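Just so it is clear, none of the values below were taken in a lab; they were calculated from the coordinates. Computed from a predicted model, the values in this text were never measured in an experiment. Counting neighbours? That spans all protein chains shown, and the Cβs are built from the backbone with ideal geometry, glycine included.
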Amino acid sequence: MYHHIADFVADWQVMTGYTVTLFEKITDEAKGIKVHENVRTLERLAWHITETLPEMGTQAGLFDHNELEHIPVPATMAQLINTYQTYSQKLIDAVKSRWTDEQLNDDVNMYGQTWTKGMVLSVFIGHEAHHRSQMTVVMRLVGLPVPGLFGPAKEEWAQMGLPVME
């Protein structure tokens, strides 16, 4: 749980950089491949991450309304990335303008539960990490390279001349 908005903003900027790095590896040819009936496509996962920003932000009172509600998935990954970056920045701007450090212990109603505002910020971070992890598995299954986000990926170990970890 966050106690300082500046800490969230610093973390968010790093994490959204990881998200963009991942999104950029997804080709328009591979984005819609369905690997299993119970697994979302890469395009759907990327759009879910994106559309959750204003959806959850609206629930928390950071946005007045969800501007992406009922908007279809963009036609290309480039358009999706642009939308993600726009709403990621809008989230930062809203947090900085609408909340203060002193308010991060205040309660908000989120999906029928009571969360603190600091917890809302933590869930934004955790939600993306959860779905980025899903995406890396799907990326491997459809033959896309997986970037190392919190450490080298298999391909990056090899590029460094190190034995690939098992």
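Per-residue answers, yes or no, for (1) closer than 29 Å to G57 by Cβ; (2) in contact (Cβ under 8 Å) with a residue 24 or more places away in the chain; (3) surrounded by 13 or more Cβ atoms within 10 Å (Cβ to Cβ); (4) among the aromatic types (F, W, Y):
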residue: H131; (1), (2), (3), (4): yes, yes, yes, no
residue: Q134; (1), (2), (3), (4): yes, yes, yes, no
residue: G143; (1), (2), (3), (4): no, yes, no, no
residue: E156; (1), (2), (3), (4): no, no, yes, no
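Filtered by the rule that a residue be under 18 Å from Q85 (Cβ atoms) and assigned to a loop (DSSP other than H, G, I, E, B), segment 26-65 gives I26, D28, K31, L62, F63. Of all residues in segment 79-114, which are without any contact (Cβ under 8 Å) to a residue 40 or more places away in the chain, not polar (S, T, N, Q) and not in a helix (DSSP H, G or I)? Listed by number, the residues that qualify are D106, D107, G112.
Scan segment 117-151 for residues that are small (G, A, S) and either closer than 18 Å to T41 by Cβ or part of a helix (DSSP H, G or I) (or both) and jot them down. Correct list: G118, S122, G126, A129, S133, G143. Here T76 fulfils each of the conditions (1) out of contact with any Ser or Thr (no Cβ under 8 Å at 6 or more places or on another chain); (2) touching a residue at least 60 places away in the same chain (Cβ under 8 Å) apart from (2). Only residues that are in a loop (DSSP other than H, G, I, E, B) and either under 16 Å from F23 (Cα atoms) or charged (D, E, K, R) (or both) were counted across segment 66-78, and they come to 6. The condition (being surrounded by fewer than 19 Cβ atoms within 10 Å (Cβ to Cβ) and within 20 Å of the chain's Cα centre (by Cα)) is satisfied by just one residue among V108, V39, V35: V39.
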